[in-house]
Each structure stands twice: as C-alpha cells, then as structure tokens.
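The values are calculated or read from the model by the stated rules, or taken from the named source; none is laboratory data. All figures in this text were calculated on a predicted structure; none of them were measured in a lab. We place every Cβ from the backbone using ideal geometry, glycine too, and count neighbours over all the protein chains shown.
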C-alpha cells in the first residue's frame, strides 16, 4: 500500500483495532497516539488536562479521533460510561483543539445514526433517527464536531471486520469466528436473513488514508461520508463462508435478541457513491476475499505460536 503525504497526525485510540491498522499504512509518518490503552504514546484519558499540552507540543495537522464507546450492546448496558467515553471525551478533545484552528478532525461515526431505513441503500442525505443509545451518542458527537470551528471529515462506517478485531467489543463476524475456533456453535440473533454492509478493515484504513491525501490537497473539507462495501450480505452468507474454514463446528444456534426482539427490518447497507466520486477510493475486498485475508492471517499466527 502506498503512503500518504507526510504530515503530523495525532490518533486518539491509536492502539485500537482501526488505529493500529491505520498506523501500519501510514508507515514512517510522524504520528503520536493518546488514549487509555497502556500501549498509547500518551496513556491518558481525553478529559485529562495534559491533553492540551500534548497537542500544543506535537502540533498536529490532522487528528484522527478513534477513541470512543465500544458497541451497541455495551452502550445499552452502561449508558453513563458510554456517554462519557463517546460524547464527553469528544467535548474535551474539541476544547483542547480550539486554539489550533487549522487542524482537521477525522471522526469515525457509525451507520447507526440513520436508525430505521426509509429506503436502501442509505445515502448521506437520508434522515438521521438512531434507535440505539450507541447511535444517539455517535450522532451527538457528530454535531459537536460540526459545530466547532475546526475542519472535519466524518465517516459513517458500516460493520467492520478483520484480523485482530476484539470479539468482546464489537463485530458479529469476530464473534462468529471466536465461537467457531473453540468448536462451539455460533449464535445468531433473530434471523439468519438479517443482513449488513460488511467492510474489511483493509478497505477502511485505505479509505481514511486516501481521504487524508485529499484533505492535504484541499480537495475535500467539512464532509460526511458513508464508508462501507455498498453491498448487503446476510448472516447466512457469512456463516456459509466461515463453515468452509470450520467444517466440523456444530450448526449455529438461533436466539432472540432481548434488546431488539421485534426488529421489523432486516438490516441496512450504505450508498457509497459520494466517497467514491470525491476521493477516488473504492472497496477492494469482497466478503469472501476479506474473510480469506482475515482467517489466513489468523492461521499463520496460530502456526507460529505452535
């Protein structure tokens, strides 16, 4: 993968799933990371008063804001913590950045801000009406960034999957793989026909990197982009592919999601024409190729550890 033009980039949550993959792609670029993970360059909470000093000393051109609440289920179970981790942490970051007007904030939002789809695929012009706490937090955070005096680029990302994803935090595919690696039946909630817009992590970080290039060329500014594969894939289709790698695993279990037992719609997928036309990016991984990449890397890692 080719590198972006050299700039100073600060990443919040740089040791997380997306941040760590983006750092690999950015290569030799001047990068510093902040967050609660012990592997960050600066192991601090974003509410820490030291954040402003770090920003002043590093003087970033771009801030990739990846530190956020974890997922839909956790947001429902611990609303106060998720609000703090998503909304209040962003308020602290924006306040610390306020003196640096030339900074561009790249924020990872979610397709969850749209809520129930009025039509498919969902374009950026679709109304927002999140039905989950997670989606509401993401939308409120978008508004904080948009109403600031900073330049911004917001990605409304679909369902990410890929090597190194923490199944405890997010990702139905990561959860499926974790069960199947232990020779346990994967659990499907509500219906095998539920679908989502699954996008490989490799495509996600490439889109972010390509967009950073366009920011520096001043081709894009203050935009909201959908970021997904642009295709609907059912859970059954995902499982059919996974069982090719785990043929001896017992059949999946079907259970009811107690948070959304009466979900009327089957899922959603995104219209990605805007990001494709404005940045010249397009996804390269089909779900089949993405799973092959993900599971291939896991098998290599497993063989090395034996």
Fill in the blank from the handout: If we ask which residues in region 227-240 are buried (at least 18 other Cβ atoms within 10 Å of the Cβ) and assigned to a helix (DSSP H, G or I), their number turns out to be 3
Problem - Which numbered condition residue 183 misses (of (1) closer than 24 Å to residue 106 by Cα; (2) modelled with pLDDT of 95 or more) - result: (1)
Fill in the blank from the handout: For region 211-226, the count of residues that are crowded, with 18+ Cβ neighbours inside 10 Å and either over 19 Å from the mean Cα position of the chain (by Cα) or farther than 29 Å from residue 120 by Cα (or both) equals 4
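Here is a yes/no grid of residues against (1) out of contact with any strand residue (DSSP E or B) (no Cβ under 6 Å at 6 or more places or on another chain); (2) free of Cβ contacts under 8 Å to residues at least 24 places away in the same chain; (3) not in a loop (DSSP other than H, G, I, E, B):
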| residue | (1), (2), (3) |
| --- | --- |
| 96 | yes, no, yes |
| 119 | yes, yes, no |
| 137 | yes, no, yes |
| 153 | no, no, yes |
| 156 | no, no, yes |
| 173 | no, no, yes |
| 185 | no, no, no |
| 206 | yes, no, yes |
Exercise for the section: Inspect all residues belonging to region 20-41 and state whether any of them is modelled with pLDDT of 95 or more, surrounded by fewer than 17 Cβ atoms within 10 Å (Cβ to Cβ) and in a loop (DSSP other than H, G, I, E, B). Expected result: yes
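Across region 48-71, what is the number of residues that are surrounded by 15 or more Cβ atoms within 10 Å (Cβ to Cβ) and assigned to a loop (DSSP other than H, G, I, E, B)?
Pass one, region 48-71, residues surrounded by 15 or more Cβ atoms within 10 Å (Cβ to Cβ): 48, 51-52, 54-55, 58, 60-71.
Filter once more, so that each one left must be assigned to a loop (DSSP other than H, G, I, E, B): 48, 60-61, 66-71.
Counting residues in region 48-71 that are surrounded by 15 or more Cβ atoms within 10 Å (Cβ to Cβ) and assigned to a loop (DSSP other than H, G, I, E, B) gives 9.
Out of the residues in region 77-97 that are closer than 15 Å to residue 146 by Cβ and within 19 Å of the chain's Cα centre (by Cα), state the one that is surrounded by the most Cβ atoms within 10 Å (Cβ to Cβ).
Step one: filter region 77-97 for residues closer than 15 Å to residue 146 by Cβ, giving 87, 90-91, 93-94, 97.
Narrowing the set further to residues that are within 19 Å of the chain's Cα centre (by Cα) leaves 87, 90, 93.
Values: 87: 19, 90: 25, 93: 28.
Per the criteria, the residue is 93.
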Practice task
Output the residues belonging to region 112-128 that are at pLDDT 95 or above and over 16 Å from the mean Cα position of the chain (by Cα).
Solution key: 120, 121, 122, 123, 124, 125, 126, 127, 128
Problem - Residue check for residue 102: loosely packed, with under 14 Cβ neighbours inside 10 Å, touching a residue at least 24 places away in the same chain (Cβ under 8 Å) and either in contact with a strand residue (DSSP E or B) (Cβ under 8 Å, 6 or more places away or on another chain) or part of a loop (DSSP other than H, G, I, E, B) (or both) - result: yes
